[in-house]
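Following: one structure in structure tokens, then a few remarks.
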Amino acid sequence: MPTVVFIDHAGATYQVEAPLNKSLMQVALDNAVPGILGDCGGSCSCATCHGYVDQPWAAALPARSETEVFMLEGVPDLRENSRLCCQIRMSPELDGVVVHLPQEQV
């Protein structure tokens, strides 16, 4: 099964199995990864699943929707690689993807 590597703000690493087509947010919640809250349940109406996707994976990601861009405008430390994990579904191309989690979601 494909995997995702979440790294929290303190550097702790969580490598978890990620079923295909499941959102990275749901994968994190299913595996009790700290730092992903998912308050809106994945409807892209909050930013509590914000993460920084490592650059090598950028080409494999879907483009940000207008809604995702709007929601990301409210995060404290917006970066070029900021994404909402609810908007990224696991695919074979993302096997091993690395997502760093911001401190504000502790």
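Every number in this text was worked out from the coordinates using simple rules, so none of it is lab data. Only a predicted model underlies this, so the values are computations on that prediction, with no experimental measurement involved. Note that each Cβ is placed from the backbone with ideal geometry, even for glycine, and that neighbours are counted across all protein chains shown.
Take region 26-47 and flag every residue that is of a type in the set (S, T, N, Q) and in contact with a helix residue (DSSP H, G or I) (Cβ under 8 Å, 6 or more places away or on another chain). Within region 26-47, 26, 43, 45 qualify. For region 61-81, a residue qualifies if it is among the aliphatic types (A, V, I, L, M) and farther than 15 Å from residue 46 by Cα, and the qualifying residues are 61, 63. Applying the set (1) within 12 Å of the chain's Cα centre (by Cα); (2) aliphatic (A, V, I, L, M); (3) surrounded by fewer than 17 Cβ atoms within 10 Å (Cβ to Cβ) to residue 10 leaves exactly one unmet item: (1).
Here region 30-48 is the region considered, the condition is being within 12 Å of residue 6 (Cα to Cα) and buried (at least 16 other Cβ atoms within 10 Å of the Cβ), and the residue that is nearest to the chain's Cα centre (by Cα) is 36. Among the residues of region 79-101, those identified as in contact with a Lys or Arg (Cβ under 9 Å, 6 or more places away or on another chain), in contact (Cβ under 8 Å) with a residue 60 or more places away in the chain and either over 10 Å from residue 54 (Cα atoms) or surrounded by fewer than 18 Cβ atoms within 10 Å (Cβ to Cβ) (or both) are 87, 89, 90.
Total residues in region 53-68 satisfying the condition of being surrounded by 13 or more Cβ atoms within 10 Å (Cβ to Cβ) and either of a type outside the set (D, E, K, R) or free of Cβ contacts under 8 Å to residues at least 40 places away in the same chain (or both): the figure is 7. On the stretch given as region 15-29, residues that are over 11 Å from residue 99 (Cα atoms) and either surrounded by fewer than 22 Cβ atoms within 10 Å (Cβ to Cβ) or aromatic (Phe, Trp, Tyr) (or both) total 9. Flag not set for residue 106, criterion: β-branched (Val, Ile, Thr) and in contact with a strand residue (DSSP E or B) (Cβ under 6 Å, 6 or more places away or on another chain).
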